[in-house]
Structures are given as structure tokens and as C-alpha cells.
């Protein structure tokens, strides 16, 4: 059974929190990043990215501006997450026991993007209540 966009976005907000926790675990606990965290196209390979791609035409019809806002914020979030891991691990993700310190400003950017996308997703979810697809 296909889930509603509202349910999907609610699940995405939860999954986003888990994703950010995994970035933090990689940085704080020296946990090796997963392939999906460092993939160049992670924003279209993660569960939400796939759903967004599969439903983009219907979602654009509901609210074109919010669709693109969510898409771009989601893509940027994955890019900054990967960039932080690239800095920390110097692009060497296998058998690394210690990583480099990342700039605080880059980490602040990731946290701000995290807040931004949650806010945008909630706005998008609210918009969908009146426009079920």
C-alpha cells in the first residue's frame, strides 16, 4: 500500500534526525560513514529522495515553489554532510581510526540546514493536508 505524502514527509523528518545522528556518530565516535552518507547522489538515493523523484510531478502541481525549496534544501543538506565527512576523513573512509577536526563554521552550516529543511518539510506537509495525492 502506498503511503500518503503527509505520512511520507512525517517519516522523512524522523529519518532526517537519524541521518544527522549518524553524521555525528561518524565525527564524534569515529564510526565509519556508510556508503549512502558519502555518495555523490545521496540526495536521490536515500528513501526520501527516491520518493521525491517518484512523486515530483504531482508534488509540483500542489506547490511548485515549496517542491523546489524542499528539493534544493535536501540536496544541499546531503552535500554539506558529505563535505564534512570528506574533510574529517580526508576522503579515506575505509579503516580510518581517527579523523581530522572539521571547521566549526562548516558544522554550524550543517546544523542550520538541518533546522531549515525540517521547517520547510513541515510547511510542505501542512500544504499537503488540503491536497492529498
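The values are calculated or read from the model by the stated rules, or taken from the named source; none is laboratory data. Remember, it's a predicted structure, so these values are computed and weren't measured experimentally. Note: ideal-geometry Cβ built from the backbone for every residue, glycine included; neighbour counts use all protein chains shown.
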Margin query: Can you go through 82, 106, 75, 56 and tell me which one is under 23 Å from residue 126 (Cα atoms) and touching a residue at least 24 places away in the same chain (Cβ under 8 Å)?
Written below: 75
Notebook entry, point to check: Can you pull out the residues in the range 29-53 that are touching a helix residue (DSSP H, G or I) at 6+ places or on another chain (Cβ under 9 Å) and in contact (Cβ under 8 Å) with a residue 40 or more places away in the chain?
Noted result: 32, 33, 37, 38, 39, 40, 42, 48, 51
Next item on the list: Mind listing whichever residues of the range 1-41 are under 9 Å from the mean Cα position of the chain (by Cα) and under 14 Å from residue 84 (Cα atoms)?
Entry: 19, 20
Next item on the list: Would you mind listing the helices (runs of 4 or more DSSP H) fully within the range 25-128 where at least 1 residues are out of contact with any strand residue (DSSP E or B) (no Cβ under 7 Å at 6 or more places or on another chain), at pLDDT below 85 and more than 16 Å from residue 15 (Cβ to Cβ)?
Entry: 35-38, 64-89, 104-128
